[in-house]
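Beneath this line is the structure, given in structure tokens, with notes to follow.
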Amino acid sequence: MHQLAAGNKPEPSASIVVVEKLVKRFGHFTALSDVNLSVGAGEKIVLCGPSGSGKSTLIRCINHIEKHDGGRIVVDGVELTDRMTDVNSIRREVGMVFQSFNLFPHLSIVENCMLAPMKVRGLSRAEAQERAIGLLRKVRIHDQADKYPGQLSGGQQQRVAIARALCMQPKIMLFDEPTSALDPEMVKEVLDTMVELARDGMTMVCVTHEMGFAREIADRVVFMDRGTIVEEADPETFFRAPSTERAKDFLGQII
Ligand code: ADP
Ligand code: MG
């Protein structure tokens, strides 16, 4: 790769995440083998592939929720290793949004957003609250700040989960099928929030089968099957002319 003379495409040295020859096993089962991926600053990647292909495992390894067995993962210049004692130093920089919203049910919406910035970033209560309200406003849910998660719809809860992750001011946001547990009428509000985030310049890796979303924001679509990356392309190319049979089969099933 070479440095681009103009434009806002990142140069390789600006990678937020570098994954090289990644291997992850569960017992005798190899869930990921020889996965290579780098995510440039500001880049938006959509990760897709059949169920069981290793998408969640890959992003869980990047967040160090799962420990890898081979290869390297470097996040914001720091290599993730077994010996790593300060996992929080990685989690601070990596925001994660799951299929199930994982909000703390006993905390109000605003308190859900204040907790980690106070505990991990050392913000005062007042600072954390100000930041939380600002980001809840951004996802257009500040009027619900004093409610509890159980009082909100699924789409609203997922937008809170996005705001909560943003309160840590992460360098990258990882999304693992953020809309697949939602009722259809709530999918759009969450995707709209993600599109806005993308337009603000956030670096994002999104596991999703929402192909309209992929076409709209992805710089690259990465297709996985059976624990490896099989194909990568810009969305237009990937959807119009996938180069592998496996990607063709997959697209045939979801579109
Ligand atoms: P995807 O997100 O693409 O559907 P996953 O990353 O969840 O796929 O899973 C990839 C493979 O690894 C699957 O075969 C799954 O059964 C297996 N796997 C994932 N997590 C575990 C685990 N904790 N223990 C054993 N096998 C697992
Ligand atoms: Mg998954």
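Observations, loosely collected:
- Residues that are among the β-branched types (V, I, T), open to solvent by 30 Å² or more (accessible area, probe 1.4 Å) and either more than 29 Å from D200 (Cα to Cα) or more than 16 Å from ligand 1 (Cβ to nearest atom) (or both), drawn from the stretch 43-92: V78, T81, T85, V87
- Residues (surrounded by 20 or more Cβ atoms within 10 Å (Cβ to Cβ) and not aliphatic (A, V, I, L, M)) located in the stretch 123-136: R131
- Residue within the stretch 124-142 that is of a type in the set (D, E, K, R) and under 22 Å from C206 (Cα atoms) present: yes
- Being open to solvent by 10 Å² or more (accessible area, probe 1.4 Å), in contact (Cβ under 8 Å) with a residue 40 or more places away in the chain and of a type in the set (A, V, I, L, M, F, W, C) is not true of M204.
- Hits in the stretch 164-195 (condition: hydroxyl-bearing (S, T, Y) and away from ligand 2 (no atom under 16 Å from the Cβ)): T193
- The residues of the stretch 183-201 that are within 20 Å of P105 (Cβ to Cβ) and surrounded by 21 or more Cβ atoms within 10 Å (Cβ to Cβ) amount to a single one, V190.
- Checked against (1) out of contact with any Asp or Glu (no Cβ under 7 Å at 6 or more places or on another chain); (2) open to solvent by 10 Å² or more (accessible area, probe 1.4 Å); (3) among the aliphatic types (A, V, I, L, M), A214 passes all but a single condition, namely (2).
- Selection within the stretch 93-117: residues that are in contact with a strand residue (DSSP E or B) (Cβ under 6 Å, 6 or more places away or on another chain) and open to solvent by less than 40 Å² (accessible area, probe 1.4 Å). The member of this set that is nearest to E177 (Cα to Cα) is V97.
- Between E231, E216, the distinction of being free of Cβ contacts under 8 Å to residues at least 60 places away in the same chain, within 24 Å of I16 (Cβ to Cβ) and not in a helix (DSSP H, G or I) belongs to E231 only.
- Residue count for the stretch 163-182, restricted to those that are free of Cβ contacts under 8 Å to residues at least 60 places away in the same chain, buried (at least 20 other Cβ atoms within 10 Å of the Cβ) and over 12 Å from F101 (Cβ atoms): 1.
- Among the numbered conditions (1) in contact with a strand residue (DSSP E or B) (Cβ under 7 Å, 6 or more places away or on another chain); (2) open to solvent by less than 50 Å² (accessible area, probe 1.4 Å), the only one that E232 does not meet is (2).
- Qualifying positions in the stretch 25-79 - within 16 Å of ligand 2 (Cβ to nearest atom), of a type in the set (G, A, S) and out of contact with any strand residue (DSSP E or B) (no Cβ under 6 Å at 6 or more places or on another chain): S51, G52
- Matching option when the condition is open to solvent by 10 Å² or more (accessible area, probe 1.4 Å), within 30 Å of G40 (Cβ to Cβ) and β-branched (V, I, T), among V139, V160, V120: V120
- Taking the criterion of being assigned to a loop (DSSP other than H, G, I, E, B) and within 16 Å of ligand 1 (Cβ to nearest atom), the residues of the stretch 179-210 that qualify are T179, S180, A181, T208, H209, E210.
The values are calculated or read from the model by the stated rules, or taken from the named source; none is laboratory data. Quantities reported herein were computed from a predicted structural model and do not represent experimental measurements. Reconstructed Cβ throughout: ideal geometry from the backbone, glycine too, with neighbour counts over all protein chains shown. Note: accessible area is taken over every heavy atom of the protein model, side chains too, but ligands, DNA and RNA are not part of it. Shrake-Rupley method; radii C 1.70, N 1.55, O 1.52, S 1.80 Å.
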